[in-house]
Amino acid sequence: MSPKIIEPGCTLGIVGGGQLGRMIALAAAECGLKVHVYGPDADSPAFDVAASITCSAYDDAEALARFAAGVDVVTYEFENIPRETADLLARHAPLHPSAAALATTQDRLSEKDFINRLGIPTAPFRAVDTPDDFGRALDAIGRPAVLKTRRFGYDGKGQRIIRTEADADRNAIFAEFGGAALILEGFVAFEREVSVVAARAADGSFAAFDLCENEHRDHILAVTRVPAPGIAPETAREAVGIAKTIADALDYVGVLAVEMFLVREADGTERLVVNEIAPRVHNSGHWTIEGAATSQFSQHVRAVCGWPLGDPSRTGGLRVEMQNLIGGEVAAWMALLAEPGAHLHLYGKGEARPGRKMGHVTRLIA
Ligand code: AMP
């Protein structure tokens, strides 16, 4: 595909008003673009830094059409927008990543099918649409297993580990998930969770940031360390190769993240298992703002505007650590501002509710 070049001074439309949209908007402004953010919540963090905003629902066809017709290119900051919304946007302006890439990756079933067809391993999985399916899937996969909603899950929401016979009470579980389409996955006994954040441009060029290690607490990303420690260089190269294979197969334009489990076999061999693809900039790439020559946000803007991708290498080759500020942790903002070498980012969110990502801090380590 020959890329449409978006000139500085043009308007980038961003669907979604969270912190990811906010940081894309800031990067776009650095290159002279104007930003129009579309989101349903009046207090969206990205609204604070946009030249124009539309505050409306993701299924408001009229508002979406007006928004897309008024911008030069559209991107999105989260994958849970309906396929119909993406198709509608694409009728009015170039949409990157494409509606097809979004549709493949926003449903865990089609996503895992797609990944396996590329010859890339995932956890074993079965679709679960009825209580009977659940029984059959458990027989096939065994316990422990993880039951997840196929769509709209994030930060561990919409999932449950099935360990014991009692956990496998079909009716109780169906009541809990409220009839949503589900997937049962085998539990992966991983040593670490890692991710590749990478960009692909419309001309097929590809640039990956270094492999990250991600430590979660209560299912929410707490700390990202780069480069991922204790991993063989060939495994890190393989992880980047997996991300490239996925991006090429999706004919992807923009930044994506591929989350993987690192499994260590008894003989010490390392094996990668893909957990999921995020068709957007990703929390595990926030370190790139100070920690890489080009940030993931600039890289995303470059890709969707048809500009050359930037250098993804780490600043001065230093190790980097990114810590999320979750809920009340943001209260330490003054101390963090006073800490030499700590780079503080606050998202401008009002209430520091438990589990809410309020900001992050990045440290470059000599
Ligand atoms: P997800 O929403 O798929 O990213 O899952 C959230 C977190 O749950 C992951 O980061 C893992 O820590 C854990 N998890 C998800 N799926 C599995 C699995 N199949 N095996 C083991 N842990 C899992």
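Annotations
- Flag if D248 is charged (D, E, K, R) and in contact (Cβ under 8 Å) with a residue 24 or more places away in the chain: yes
- Test result for A86, farther than 22 Å from T105 by Cα and of a type outside the set (D, E): no
- Filter result for F187 (open to solvent by 20 Å² or more (accessible area, probe 1.4 Å), within 16 Å of the ligand (Cβ to nearest atom) and either within 24 Å of L147 (Cα to Cα) or small (G, A, S) (or both)): yes
- From the options I53, I24, I120, residue that is assigned to a helix (DSSP H, G or I) and either of a type in the set (A, V, I, L, M, F, W, C) or crowded, with 22+ Cβ neighbours inside 10 Å (or both): I24
- Flag for D41 being open to solvent by 10 Å² or more (accessible area, probe 1.4 Å), assigned to a loop (DSSP other than H, G, I, E, B) and modelled with pLDDT under 95: no
- Single residue of A86, A29, A100 found to be open to solvent by 20 Å² or more (accessible area, probe 1.4 Å), farther than 30 Å from V361 by Cβ and of a type outside the set (S, T, N, Q): A100
- Some residue of segment 284-301 being touching a residue at least 40 places away in the same chain (Cβ under 8 Å), of a type in the set (G, A, S) and over 27 Å from D72 (Cβ atoms): yes
- Criterion applied to A232, A175, A181 was being within 16 Å of the ligand (Cβ to nearest atom), loosely packed, with under 15 Cβ neighbours inside 10 Å and farther than 26 Å from K357 by Cβ, and the one residue passing it is A181.
- Within segment 105-139, the set of residues being away from the ligand (no atom under 16 Å from the Cβ) and modelled with pLDDT of 95 or more comprises R117, L118, G119.
The values are calculated or read from the model by the stated rules, or taken from the named source; none is laboratory data. Keep in mind that what you see is a predicted model, and the values were worked out from it rather than measured. Cβ atoms come from the backbone with ideal geometry, glycine included; neighbour counts cover every protein chain shown. Accessible surface areas use protein heavy atoms only, side chains included; no ligands, DNA or RNA. Shrake-Rupley method; radii C 1.70, N 1.55, O 1.52, S 1.80 Å.
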